[in-house]
Structure formats: structure tokens, C-alpha cells
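Below is one structure, written out as C-alpha cells; comments come after it.
No lab work stands behind these numbers, since they all come straight from the coordinates. Since we're looking at a predicted model, the values are computed, not measured. Cβ atoms come from the backbone with ideal geometry, glycine included; neighbour counts cover every protein chain shown.
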Amino acid sequence: MKKNLILFALAALALGACNSTVKNKEKADTTAAAKKKGKYTCTMHPDLTFDKPGDCPKCGMALVERDTTTDKK
């Protein structure tokens, strides 16, 4: 009986670890998609992106258009 309880606990722990790994990967994928959405960004805060030009809400600097070209060789 004790052996079954230990095996059940280990199985539950393994499933929980797998589930959190999958959720973290999904969260990272949606974060990357959200970053690509905006066309304008702040040079001091590149994590902030916006659809239209203006000023950064954190520092007040002017937003610049983001380079969307990919010249990978």
C-alpha cells in the first residue's frame, strides 16, 4: 500500500512539472507574438511597443519606427 502511494505521488509530481513546462512555453509564444504587433517602440524601453507614433509613457521620449526587415544570411 505504501509503495502504491509513493508511486502515485511521484506520478502526480511528474504530471505537474510537465504541465507547468507546457504553460510556460505557451506564454513565451504569446509574448513573442505580442511584441511583434506594435510598429513603434521606445529606444530606452524596447519591451514597449505601440501601433502609432507618440511619446513613451515611462520616460517621455519620442517613439521610433521599428525595423521590421530581416536580413539574415
Checklist outcome for this item: Rounded to one decimal in nm, the spacing of the 7 Å Cα→Cβ label points at A14 and M61 is 5.0
Item to check | Highest to lowest packing among 3-11, 49-57, scored as the average C-beta count within 10 Å | outcome: 49-57, 3-11
Checklist outcome for this item: Placing each pseudo-label 7 Å from Cα in the direction of the beta carbon, L48 and K3 end up separated by a distance in nanometres of 6.2
